[in-house]
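Asker: One structure, pasted below without further comment.
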Amino acid sequence: WDRHLRSFAELPERSIVYHVDQGDIFKVHEVLGGRFCFSGGVPNTLLSIRPADEVRRCCKRIIEGVAAEGGYIMDAAAIIQNDAKVENVRAMTDATREYGVYSRGHATPAGAPKPAAEDARPGAFVTTTASKRPPGTCLPWPDVRPTLPEIRGDEALCERIWQSVDALGAMFVWWIALAF
């Protein structure tokens, strides 16, 4: 995303929380600092394979370089993976509590830009196209069943198994979509 930072800078101030996943948080701060809230920037590899003291140093460096004026949320670069060491996540949390203290007041007014007048009407942000697919499914059983050969056993059991596996597939797709 680093090559698109100038385009992000064209968005209205305080309109997004910019999550730094694979980018350089210091470069992001240089280009977008003061315009948006940032989150992320702690490399997942650091949380997985490096020593806890290195995690603390990284967090301190981020806080001192990016979070001094506020508007920073300490987080991993991507979703904290299941191979992250517990002691490293604890080091990230402890360093944030130790070094990430803001004053009680803030000079600039809080709040995001107000919506445009044409957007301030009921239903403006609600989709009008109804999905035929139920939430949490990839291929619903009623769509799949006609394509299958005759079932000579318990069709209800087949349907339950299909729905369970299909739900796992839908969850996996969402996890991938949200993780990266």
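The values are calculated or read from the model by the stated rules, or taken from the named source; none is laboratory data. All values derive from a computational prediction rather than experimental measurement. No Cβ is skipped: glycine too gets one built from the backbone with ideal geometry, and neighbour counts run over all protein chains shown.
Asker: Take the stretch 1-24 and flag every residue that is under 19 Å from residue 79 (Cβ atoms) and either not small (Gly, Ala, Ser) or not in a loop (DSSP other than H, G, I, E, B) (or both).
Answerer: Residues of the stretch 1-24 under 19 Å from residue 79 (Cβ atoms): 1, 16-23.
Passing the criteria: 1, 16, 17, 18, 19, 20, 21, 22.
Asker: Take the residues in the stretch 53-76 that are in contact (Cβ under 8 Å) with a residue 24 or more places away in the chain and part of a loop (DSSP other than H, G, I, E, B); name whichever of them is farthest from residue 91 (Cα to Cα).
Answerer: The residue in question is 69.
Asker: Of all residues in the stretch 6-23, which are under 21 Å from residue 44 (Cβ atoms) and without any contact (Cβ under 8 Å) to a residue 60 or more places away in the chain?
Answerer: Within the stretch 6-23, the first condition is being under 21 Å from residue 44 (Cβ atoms), and the residues that meet it are 17-23.
The answer is 17, 18, 19, 20, 22, 23.
Asker: Please specify each residue of the stretch 135-159 satisfying the condition of being surrounded by 12 or more Cβ atoms within 10 Å (Cβ to Cβ), among the β-branched types (Val, Ile, Thr) and without any contact (Cβ under 8 Å) to a residue 12 or more places away in the chain.
Answerer: Passing the criteria: only 151.
Asker: Taking residue 172 as meeting all but one of (1) in contact with a helix residue (DSSP H, G or I) (Cβ under 8 Å, 6 or more places away or on another chain); (2) at pLDDT 85 or above, write down the number of the exception.
Answerer: Unmet for residue 172, out of (1) in contact with a helix residue (DSSP H, G or I) (Cβ under 8 Å, 6 or more places away or on another chain); (2) at pLDDT 85 or above: (1).
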